[in-house]
Structures are given as C-alpha cells and as structure tokens.
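The values are calculated or read from the model by the stated rules, or taken from the named source; none is laboratory data. If you're wondering where the values come from, they're calculated on a predicted model, not measured in any experiment. Reconstructed Cβ throughout: ideal geometry from the backbone, glycine too, with neighbour counts over all protein chains shown. For accessibility, only protein heavy atoms count, side chains too; no ligands or nucleic acids. Shrake-Rupley method; radii C 1.70, N 1.55, O 1.52, S 1.80 Å.
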Amino acid sequence: MATATPTPTKTPVDKSRGSHSHHQEDDSSSSRSRFEAYNRLQAMAVAFGEKLPIPEIVALGGQSDGKSSLLEALLGFRFNVREVEMGTRRPLILQMVHDPSALEPRCRFQEEDSEEYGSPVVSASTIADVIKSRTEALLKKTKTSVSPKPIVMRAEFAHCPNLTIIDTPGFVLKAKKGEPENTPQEILSMVKSLASPPHRILLFLQQSSVEWCSSLWLDSIREIDPTFRRTVIVVSKFDNRLKEFSDRWEVDRYLSASGYLGETTRPFFVALPKDRSTVSNDEFRRQISQVDSEVLGYLHDGIKGGYDEEKFKPYIGFCSLREYLESELQKRYKEAAPATLALLEQRCSEVNIELERLDSKIQATSDVSHLRKSAMMHAASISNHVGVLIDGAADPAPEQWGKTTEEERSESGIGSWPGVTVDIKPANAILRLYGGAAFERVMHEFRCAAYSIECPPVSREKVANILLAHAGRGGGRGVAEAAAEIARTAARSWLAPLLDTACDRLAFVLGNLFDIAIERNRSRESEYGRKTGDMEGYVGFHAALRHAYNSIIKDLAKQCKQLVRHHLDSVTSPYSQVFYENDFHGSFGSSANSYFRHNQASAGSIWFELSDCGQVSHDERMRDQENIPPENNARQKTPGKGMEARDVHRESQMTVPETPSPDQPCDGVKVDVGPRKRIARIGNRNPEQLMKVHNGGSLLFGNGDCGSRSAYTEICSLAAQHFARIREVLVERSVTSTLNSGFLTPCRDRLVVELGLDLFAVNDEKFMDMFVSPAAIEVLQHKRQSLQNRQKVLQSCLTEFKNIARSL
C-alpha cells in the first residue's frame, strides 16, 4: 500500500517539462505497462468484490461544482455526463487509456458481476443512457436510493491521459422529487466510505464563487483527510472570479488561500468552456486550451502588477491539473507495485486453498462417513455452546442478541400473564438478557405473577351449596372442608394457566439460544481459524438441525407442563396434607404474613436490580418491584377486595361452628349436630370459643346488626388462607425445581444425544437426503466455477506484476 503524500508545493509541470524526453520514454514502456496492469486488477476487484489497496483518484464535489465538466475535459470528448449526473446514484470508474491509434474514442462498459467488458459504445448519448439505465436497474433491485457498487467504463482515446478516476455522486442539500428524504445523507455517507481508504487520492472540486470560510463540503473532506495530505483541491469556474481582482495583492492572497487550507496545501484553479452546444471533439479540446490561455493572459496583463507567476502558475489551468494527476498516479503505481505483488501472491494462495476445500466438499457429497463425522462434530459444537449460554456467557454481545422482558413477551406472542391484572415488572426487565440469565428472570417473573393473585371472591350461593353438602354428610368439619374445597377449585382455575404460560415463556428463551449458539460457533471458528465440521452450504442439514432442536425444546415444554400440572393436582387433592402441616398452624395467628415474608425472601433475595437506576430509596425500590408483597402488609389487594378483605381477616379468629345451618337466626338457636362432635384443627381459638362450638352455636348468613360473625365470612377467610398455602407450596417447593430440572438439565446434559438420535440414527439413504439435493450440489459447483475464474484472473495479474517488478 502506497504511503499518502501531501499535495506538492513545487511545480509538477516544470518537473515534467525538465525531463520531457525521459517522461515520454517511460510513458511508452514501463509506465504504460503498470497502468494497464492496475486497470485489469481494478476490473477484477470490482467484478469479484476484492478489497485491494489500488492507488485511485476519487472525484468529490457538490452537485453543480463542475466535476462532470472536468471529467469530460480529461477524457477529451463530451458524452453528456452532466445530463446523467442528476440521475445517477452510483460511482462511475473511468479508466482512461491513452492509445495513439484510437483517433475516435472507444468506450466499453464492464459487465455487471463479471471481469469481461461488453461491445464498444460509439454514440455519446448511448454512453449516458447506459449509465442511467444501469443505475436505475440496480437501485430498483436493491430497493435503495443510492448504491456504492460502481459502474466501470473503459475509454481508449488518442487525446486522453493514462488516468483512472472514480466519479462519485455530487453532494446535495435536498433530495430530488420522488426520492427518499434521507438521500443527501445517504450520498454523503457513501462518498465518505469511498474516500476513506488511505490509498486513494481525493480530487475535491469547489466553484470559485464560494468563499473558503463558507464552504459547505470542505469540512466533510477535512473529516476524511484532516491535513489534506492526500487531497487535491480544485477551484472550478475560476474565470467567474477573475473580474473581482484589480491589484496583485488581491489575486495573490486569493490564490494562496492562506488561513484556510494550511501553508503546504496549494489548490489548482481551473476554468473550462461554458459553451454546451454540440461541437466536434477537436473543437472541444481547442476551446479548453483557449480558456487556459485567456485565464493566464488576464492574470498577467489584466491585473495591475500581474501575479506571482513563479509561485502560482504551476497550479493555474486545466493542462497543469491534468499533467499533475497523471504523474502523481503513475508515481503511486510505482510505489505500490511491490506491496501489490505481495498481496496478489497472498490472495492467489488463499483462493487456491479455498478451491481445494470446495473440491473436497463436492467429493464429500458422496462420502457418507465423512459427512456423518462432520455433521456430528457440528451438532456437538452447537450443543456445547447452548450449555455454555445456559451456565452464563456474555459472548456474543447481549446488547445485540439479548432481549428485554417486553421484547420476550412481544416476540413470543404470549403477552401478559393470564388472570393477572397488574403490570408485572421483574428485576432487570429493561436489560437485554439471554440464556441462563433470561431463564432465571422468567422464573422470577412467574413468582411475581403467582403471588399477585389472591383467592377470588365467591358468591354466597356457591358457599351455601358447598357448605350444606358437607353438613349433610355429618361430622364437625363442614366449614373447614368447605373452605378447603373453595381454595382447591380456585387454585386449579387460576394457577394452572400461569404454569402453562411459564413453560411457554421458558421454551421461548431456550429456543432463542439456537441462533445465538450458531453465531457463537461461527465467531469461535473465525477467531481460532478452525472449523468443527465444515457444514457451510448444506442448507438441508442446517434446516434439519434447527427443526430437531426446536422439536426437542417443544417436547421439553410439553413434559414440563405435564409435570407441573401433576404437582398442582397433587397439592389441590382432597387427600393433600398441606393444610394441616405444623408450620401452617402458626401462620393463621399472623394472618398469613409468614407466606408473604417467605415469598419476598425467596423471590427477591437472589435477584439484584442491575438496571442503571443510580441510588434509589426504599420506596422507589418497592415500586420497581411492585409485584413482591411488602413486608408490613397482611396480604395484597386484588380487584374487588377492599374493606371486606380486612373485615374477613379480623373475623378469621372467631368461632367456627361444626355443622352450620343456612337459616339459623341471630339469637343463636342451637342445633343438634349428632354424636360425633369434633373441634376443627384450624385457627387459634380461646376456650370460650371452643365451648361455643361444642354447644353448636352457628351462623350461615347473619344480619348486618348481628354482633357475631357469619359462616360466609369465616369460610372466605379460611379459603383465602388455604389458597395462599397452596400457592406457596406449589411455587416454592414444586414448580421451581421441576422447571429447572425439566428444561435446563436436558439442555445441558442430553441435548447432543437427543440431536444425534434425531439426525443420525437413520440409514444412509435417509441421512444423505440432507446433503445431496440437486440444488445444493448445483450451488457448490457454481461457487467452484466462480472461484476458478477468480483464480485465473488473479494468476494473470500476478504474472503481469512480476514482470513489472523485474523492470523497476
């Protein structure tokens, strides 16, 4: 790669004139050979998308700064490029070849996606039409407003220099009618990208009527090349400014551009014919020479005292600019030849290796054992990466591959938790997580959702139906059994959908790991330069592997749903002992506070808020995790529960009758409850309350002025406590461990085995269906043909540059 050099402060014209005969000899032999070799190399780079540091000139400028007129002057003939400029949105690579035998210009366009050139184009209007049509076709195909893919035109002419220039779309302030509004920004971004490589010379045009201090685009050029070391600045339409000068000091100050471009930067000042009428090519070139003479004559004779000819004359006129550009590019070619030769040898070696690998892959399409080994290695690698992601990893970048809680809900199509009316906000909801971290966040979100649901209100009719049915069977536990039955029914109705949703959300998190594992595997292979089973291009296999992985995750979700449903059925069974365990007795005395304290500790202790919230108060933290029950509240409120819930809580310590009657009046008429009178083992009751139960005192539905409790409120209170107990046992003892072992353990330990059984435990014929599809083989053969073409062209360029290196 050639080292960038500053715009010279000495006259390039005088230097070339001083060694004119030597320059002619060099141009006819080694210089011409280098130029042709670089042109072919450039054509190859465009056709195959090669990134080669070829010395090139990139023309930049505003829409009306005279860039297109300058290109026509360099070519030595007009082809109406100005009419194309407003319509083109692609770079144009002009390969100008000085051919003394070409008395008329011969122009050929390089075919799209090929190193071959088409038939010669003679008509100037046809050249403009080809540029415009190719631009429109590509933009329509890519559905963009601009494209960095260049159009390559080779022009052979006796009156053009050996020069290659990349013409870029002109900068604009406003999009044309029918174009997207961001077209100016798209053009600026594309041009900066083209001008950024350090091996490119920037040819920046700005018309003379614009002052340096108010230049619109000079700052953009300064961003690319801050010191103008590789920038050639051209002041166009210089003749428009000449009339403003009368004294020598005025014109010298303007030509020096001091204070704006730096002391070592010397711009060129160019004027071109304004007459756009149709003239012959000879007349066009005569007009260019005439304008140069007129400008120099005016500076010498029309300005009082003339101007500093020794300092500024080498930078005035089109001919001076043309000679400088040609000599500068040839100098860069010569400097870059050794590095280009080394790079070509490297690329030829790389293409040969890639071609050998592709040949092996084509041969392997009939080698079953080789394919099985490669496929197994690839599947094992993906399985290993899935396990690493579950255990905790931050590669690839979570910012790109992770998801927030809201994104998980939206993309999974699951939405909110069923039956939950409040907005569940788990800790770290706004962070992008994946793998094990995302899994634990969903588990925490499930706990928050479960503890936000209370036992729903039950109508008096339902209570009466359940209570009286139990009373008819005899015994003294009618109230307790009725409350337990209400709680079991509510738990099955409200908690079952939560369990299904939790399984679906966890399955979605694990399903996302496949693409992340693929990316992690690709980056590891690229980083270490080795491949664990080269499966690139086998679309059928990759589709089968993805399908097998998704099927495994789907089966795990189905199994986990069955397991947690079994736990729900177990804990809500009439034979379950969860209502009568020792630790449950103490909880009634504290009105179920122990449940919520336990929930708060278990659901929140391992979940630290990692969002960037700064220092927050205790109240703010509680609002951020509003779904975790506060320590000082007896229980959370649910819709429809207000003062009644607090009344139910206060009344939960009153006497519970053994066998109530639905029509018992408020004066406490006693009813014989039979020979088997038992005191229910639920609640903390004093001896007077227990004696009242023995005496059969009971109320089903009391009046508002009754001093004692009714059975309805007592049953609702007990049912709420039963529901809380079921919820706690289910969430803390059963579901968490079941989902962890049901999802994570198989993905860590048995994924590779499950994938192997699905993909490889088949006969050879069925296995090969994933690899030997006609379309897949055709793709491989087409890629091989393209590589062979690239190899041939690279080898040809390498041979040319070896010959050039010998002559240096």
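Brief remarks on what is shown
- Take every Cα pair under 8 Å whose residues are at least 6 apart in sequence, average their separation, divide by the length of the range 41-216, and the relative contact order is 37 percent.
- Separation of the T264 and Q791 label points, Cα + 7 Å toward Cβ, nm: 4.7 nm
- Close amide H pairs (under 5 Å, H built 1.01 Å from N) link T231 with T7, L202, residues at least 5 positions away or on another chain.
- Computed from backbone phi with θ = phi - 60° and the Karplus coefficients 6.51, -1.76 and 1.60, the 3J(HN,Hα) list for the range 142-147 is 8, 6, 10, 8, 9, 9 Hz; x is used for glycine and proline.
- At R0 = 56 Å, FRET efficiency that the Cβ-Cβ distance of Q63 and A469 yields, to 0.05: 0.05
- Surface per residue (accessible, 1.4 Å probe) for the range 41-216, Å²: 40 Å²
- Derived scalar couplings between HN and Hα for the range 544-561 equal 5, 5, 5, 5, 5, 4, 4, 5, 5, 5, 5, 5, 4, 4, 5, 5, 5, 4 Hz in order, rounded to whole Hz, by the Karplus curve 6.51 cos²θ - 1.76 cosθ + 1.60 (θ = phi - 60°), x for Gly and Pro.
- Rounded to the nearest Hz, the phi-derived 3J(HN,Hα) couplings of the range 162-174 under the Karplus curve 6.51 cos²θ - 1.76 cosθ + 1.60 (θ = phi - 60°) are 7, 8, 10, 10, 9, 8, 9, x, x, 5, 9, 8, 9, where x marks glycine and proline.
- For the residues R522, R565, a 1.4 Å probe over the protein chains yields an accessible-area ranking, largest first, of R522, R565.
- Under 15 Å, Cβ to Cβ, from V351 - net charge with Lys/Arg +1 and Asp/Glu -1: 0
- D301, D225, ranked by accessible area, largest first (probe 1.4 Å): D301, D225
- Using R0 = 22 Å, the C-beta based FRET efficiency linking K141 and S114 works out to 0.85.
- Pairs from the table (K334/K792; K132/K243; K361/K766) lying more than 31 angstrom apart at Cα are K132/K243.
- Percent accessible area from carbon and sulfur atoms, the range 41-216, protein chains only, probe 1.4 Å: 53 percent
- Gain upon complete extension [R106, N740; 0.36 nm per residue less C-alpha separation]: 220.8 nm
- The label point for H566 and the one for D282, both projected 7 Å from the Cα toward the Cβ, are 10.1 nm apart.
- Nonlocal amide H pairs with A59, under 5 Å, H built at 1.01 Å: I166, D167, T168, L203
- Stretching E407 away from H370 to a fully extended chain increases their span by 9.2 nm, per 0.36 nm per residue minus the current alpha-carbon distance.
- Computing FRET efficiency as 1/(1 + (r/R0)^6) for E309 and I353, where r is the C-beta to C-beta distance and R0 is 51 Å, gives about 0.30.
- Share of carbon and sulfur in the accessible heavy-atom surface of the range 274-422 [1.4 Å probe, %]: 51 percent
- Taking amide H positions as modeled 1.01 Å from N, with prolines and chain starts lacking one, the residues under 5 Å from L433 and 5 or more places away or on another chain are K403, T404.
- Additional length obtainable on full extension of the chain from K766 to R524, 0.36 nm per residue less Cα span: 84.0 nm
- The separation of the range 410-425 from the range 89-154, counted between C-alpha centres, amounts to 57 Å.
- Restraint check, K331/K802; K462/K558; K51/K174; K143/K192, Cα-Cα greater than 23 Å: K462/K558; K51/K174
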